[in-house]
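> Sharing a structure with you now.
Here, each number is a calculation from the coordinates, and none is a lab measurement. The model shown is predicted, which means the values in this text are computed figures rather than measured ones. Every residue, glycine as well, gets a Cβ built from its backbone with ideal geometry; the counts of neighbours run over all protein chains shown.
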Amino acid sequence: MAKEAKRPEELVSDQASIETILKAQLDCVETCFVRAEAQGMPCKFGTLGVCCKICHMGPCKITPKSPRGVCGADADTIVARNFLRETAAGTAAHSDHGRHLALRFKKIAEGKEPDYKITDVKALHRIAGKYGIKTEGRAQNEIALELANTFMSEFTSQEEPLKTLNLAPEKTRAVWKKTKIEPYGADRMVVEAMHRTHMGVDHDYRNLLDMAFRTSLADGWGGAHVATQISDIMFGTPEPVKSSANLGVLEEKKVNIIVHGHEPALSEMLATAVYDPEIIEYAKKAGAEGVNLAGLCCTANEILMRRGINVAGNFLQQELAIITGAVEMMVVDVQCVMPSLPSVAASYHTLVVSTTDIAKTIGAIHMEFDEDHAYLSAKNLIKKAIDNFKNRDPKKMQIPKVKEPLIAGFSVEAIRYMLGGSFRASFRPLNDAIIQGRIRGIAGIVGCNNIKTKTDSYINSITRELIKRNVLILKTGCAAQASGKAGKLTPETALGEAGQGLREVCEAVGIPPILHMGSCVDNTRILEAASEIVYEGGLGDSIAKVPAVGVAPEWMSEKAVAIGCYFVASGVDVILGQPFHISGSENVVKYLDEGAREKYGGGFIYIPDPMEAVEKIMSLIEAKREKLGINKKAERKLLDMKDRRSTNV
Ligand code: SF4
Ligand code: MSK
């Protein structure tokens with residue numbers, strides 16, 4: 001008997017998606033939810049990670065009857081090689097994003113980018129200072145050029161460890177040095193990872209997995225870190241902003257344009273151009289009340305964080321946005337863009353426009369983003385969307401009346417300011433709240449949606465339970481958008497749902513208990529926050545000692561593998577709601593958990609049930625608190641200067 005298809009309520013958590021999946025069925029449009037059913041059970045060998053197609057004597061698979069591939073590679077080697085390749089791909093994606101920004105930043109410094117500028121001069125000085133670049137008495141462009149060259153070397157450095165590693169606490173760096181995983185330039189690390197996983201090179205699973213951690217550090221403390229820092233300099237360091245999330249942000253009477261992907265350079269330009277009087281006039285002439293820009297996935301997060309632009313949805317809503325029949329144009333760049341978009345759009349009037357030579361899709365219109373005339377490029381795109389407004393079919397339009405208000409924009413600088421005020425901006429109040437036990441610890445909940453989990457359900461249940469238990473939540477990516485869609489990114493959430501201690505702190509400071517810190521590259525902000533906590537004192541001398549845990553509840557991409565690895569290599573335990581494809585090798589599973597924890601201070605733990613994950617997270621946090629000696633019932637101790645110096649960070 002054929003298996004019955006799942007009902008929309010079983011696939012997704014939010015009403016807007018439920019309504020739109022039903023509309024897709026009525027419109028006979030195929031979505032990822034349908035294709036997932038059609039895929040049936042995933043391939044067993046792929047799931048175990050024991051399929052090797054690295055050379056053309058294969059593909060080989062490991063079974064009890066054939067425990068080695070043709071060349072003699074066993075399950076440990078094959079699983080570890082596959083894992084390293086995933087980590088390298090994730091690192092490459094973030095780092096290429098960072099490189100594009102670094103190249104543009106360099107051109108700005110050289111005066112060759114007329115349409116872009118340094119928006120946040122304070123950020124330029126702050127970040128240059130961190131890299132030891134002299135700022136006093138120097139022209140802005142001179143500082144920017146030296147910083148741009150420093151950033152470029154984070155990709156190309158051949159024999160020098162990355163300079164960004166120096167932003168981590170000394171004891172954390174010492175672990176990397178001792179275990180020999182200090183990375184060189186991201187380019188070299190990715191190339192070396194590909195070399196070592198070529199047929200007949202590195203076969204020791206431990207050596208391969210250590211390389212995965214090393215490669216990932218070139219992402220978290222390299223390429224992605226650079227991307228976040230340059231974005232802050234070019235477009236502004238985020239500060240708390242109000243906005244809304246879910247498909248209900250689309251507007252019936254306006255031209256709707258959605259930006260989707262990851263890199264902020266084009267979306268920033270579009271966000272400026274929609275307010276151009278010429279564009280507003282053009283839209284009015286076309287019979288629209290104006291142009292409504294909204295975002296999807298991490299491009300959404302970039303322009304949400306800095307401009308409060310509305311979020312239309314997270315990863316598994318990209319097709320649904322088109323199915324509302326209200327989107328004139330979806331502008332895409334790189335990463336997490338489904339190749340199905342043009343075929344979904346074929347049933348409506350939406351134009352899918354790809355904008356970069358490295359990411360084309362059959363059926364999409366390709367309009368290369370002209371960097372030298374960026375503003376004009378943005379205006380041309382918007383005009384094309386406006387021209388398409390007349391093709392909207394009101395009979396096919398159904399915008400769900402579902403959206404939730406939210407506050408985002410919590411950069412480390414913003415958190416520091418909120419905690420301490422303008423004169424005494426510092427992490428001290430947070431450290432004190434953790435030491436006193438009002439906040440038990442911190443959870444970074446990050447990553448994607450995955451069709452294998454009811455969308456947002458693991459993310460939202462784990463988040464709800466952890467704030468009840470007085471854990472402060474730092475979020476990025478689609479996981480942050482899940483909280484936004486659920487209406488939980490507001491200070492009022494603290495009043496209604498947080499445990500007493502966390503609520504008191506949030507009320508005193510005026511922050512929500514769930515802080516939206518940005519896009520996937522902005523996971524580096526979480527590392528930065530953890531470092532700030534160490535520098536502030538009283539919670540250990542390395543990131544590994546801070547009562548903090550990483551969680552990737554519904555992750556799906558190779559980038560998430562790299563992110564998980566750099567959290568673990570930085571000393572943070574990471575709970576996975578979805579397993580890696582490694583269970584075909586007990587040794588690899590063990591090494592990524594116990595082996596990594598022994599070496600770096602953190603390990604990977606797969607827990608499919610969110611409530612079990614909560615228990616584990618609390619036990620990990622409490623164990624770190626015990627080790628720090630802050631669980632003793634003692635009078636609150638304020639650290640004096642001598643105490644702080646003794647923390648030796
Ligand atoms: Fe098979 Fe070895 Fe070739 Fe992999 S590298 S496909 S295990 S022969
Ligand atoms: S967009 S990598 S689905 S978080 Fe960054 Fe979302 Fe994951 Fe893409």
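> Direction-averaged shadow area of the convex hull around the Cα atoms of region 86-235, nm²?
9.3
> Which whole-number percent is the relative contact order of region 247-396 (Cα, under 8 Å, 6+ apart)?
28
> While we're looking at this one, here's another question. Please get the size of the charge dipole for the chain, origin at its Cα centre, with Cβ charges of +1 on Lys and Arg and -1 on Asp and Glu, quoted in debye to the nearest 20.
Numbers: 81 positive and 80 negative charges, 225 e Å.
So the dipole magnitude of the chain works out to roughly 1080 debye.
> Between rounded, prolate and oblate, where does the chain land on the alpha carbon gyration tensor, with a ≥ b ≥ c its root eigenvalues, rounded for a/c under 1.5, else prolate if a/b exceeds b/c?
Cα axes put the chain in the rounded bin.
> According to the square roots a ≥ b ≥ c of the eigenvalues of the Cα gyration tensor, what is the shape class of region 247-396, taking rounded for a/c under 1.5, prolate for a/b larger than b/c otherwise, and oblate for the remainder?
Numbers: a/c = 1.27, a/b = 1.04, b/c = 1.22.
Rounded, since a/c falls under 1.5.
> Looking at 363, 168, 334, which one has the Cα that reaches farthest to the positive end of the dipole of the chain (charges on Cβ: Lys, Arg +1; Asp, Glu -1)?
In the chain, that residue is 168.
> Between the DSSP loop rule and a limit of at most 14 other Cβ atoms within 10 Å, which trypsin sites (Lys or Arg not before Pro) in region 24-78 are left?
Values: sites: 35, 44, 53, 61, 65, 68; in loops: 53, 65.
Here the sparse-neighbourhood loop sites are 53, 65.
> Which of 272, 200, 346 sits farthest toward the positive end of the charge dipole of the chain, with +1 on the Cβ of Lys and Arg and -1 on the Cβ of Asp and Glu?
It is 200, whose Cα lies furthest towards the positive end.
> When the helix-only estimate is applied to the chain (DSSP H runs of n ≥ 4, each -39,500 (n - 2.57), divided by the residue count), what is the mean residue ellipticity at 222 nm, nearest 500 deg cm²/dmol?
The helix contribution divided over the chain gives -14000 deg cm²/dmol.
> Note down the magnitude of the dipole of region 86-235 about its Cα centre, charges +1 on Lys and Arg C-beta and -1 on Asp and Glu C-beta and zero elsewhere, to the nearest 20 debye.
Taking the Cα centre of region 86-235 as origin, the dipole is about 380 debye.
> Now a separate question. With only Lys, Arg, Asp and Glu charged, each at its Cβ (+1 for the first two, -1 for the last two), find how big the charge dipole of region 229-318 is about the Cα centre; round to the nearest 20 debye.
Values: 7 positive and 11 negative charges, 46 e Å.
Using Cβ point charges on Lys, Arg, Asp and Glu, region 229-318 gives about 220 debye.
> What share of Cα pairs, in percent, lie more than 17 angstrom apart in region 63-149?
Working: 2360 of 3741 pairs.
For region 63-149, the fraction of Cα-Cα distances above 17 Å is 63 percent.
> Past the 19 Å Cα-Cα mark, which pairs from 130/624; 112/163; 171/599?
Checking Cα-Cα distances, 130/624; 112/163 exceed 19 Å.
> Could I ask something else about it? Taking the DSSP beta bridges in the chain as the whole, what percent of them are antiparallel, to the nearest 5?
Here the antiparallel bridges make up roughly 20 percent for the chain.
> Past 19 Å, Cα to Cα: identify those pairs from 284/403; 253/284; 23/242; 254/360; 254/285, in the order given.
Over 19 Å Cα-Cα: 284/403; 23/242; 254/360.
> Applying the Karplus parametrisation 6.51 cos²θ - 1.76 cosθ + 1.60 with θ = phi - 60° to the phi angles of region 104-112, what ³J(HN,Hα) value in whole Hz is obtained for each residue in order, glycine and proline being reported as x?
5, 4, 5, 5, 4, 4, 8, x, 10
> Mind checking region 255-329 for chymotrypsin sites (Phe, Trp or Tyr not before Pro) that DSSP puts in a loop (not H, G, I, E or B) and that have at most 14 other Cβ atoms within 10 Å?
Answer in residue order: 275.
> Also: Give the separation of the Cα centroids, region 9-69 to region 259-304, in Å.
The distance from the Cα centre of region 9-69 to that of region 259-304 comes to 34 Å.
> Another question about this same structure. Output the relative contact order of the chain, whole-number percent, from Cα pairs under 8 angstrom with separation of 6+ residues.
16
> Okay, next question. Considering only DSSP states other than H, G, I, E and B, which trypsin sites (Lys or Arg not before Pro) in region 158-248 qualify as loop sites with at most 11 other Cβ atoms within 10 Å? Please report the intermediate quantities before stating the final value.
Working: sites: 163, 171, 173, 177, 178, 180, 188, 196, 206, 214, 242; in loops: 180.
Passing both the DSSP loop test and the Cβ count: 180.
> While we're here: Give the residue from 411, 69, 460 lying farthest towards the positive end of the charge dipole for the chain; charges sit on Cβ (+1 for Lys and Arg, -1 for Asp and Glu) and the dipole is referred to the Cα centre.
Looking along the dipole axis, the top candidate is 460.
> Follow-up. Could you tell me the extents of region 180-311's C-alpha atoms along the three principal axes, largest first, rounded to whole Å?
65, 29, 24 Å, listed from the longest principal axis down.
> Run down the aspartates and glutamates and flag those whose C-alpha is under 13 Å from the C-alpha of residue 395, throwing out any fewer than 8 positions away in its chain.
List returned: 27, 252.
> Follow-up. Taking the Cα centre of each part, how many Å lie between region 77-94 and region 572-625?
After rounding, the separation between the Cα centres reads 19 Å.
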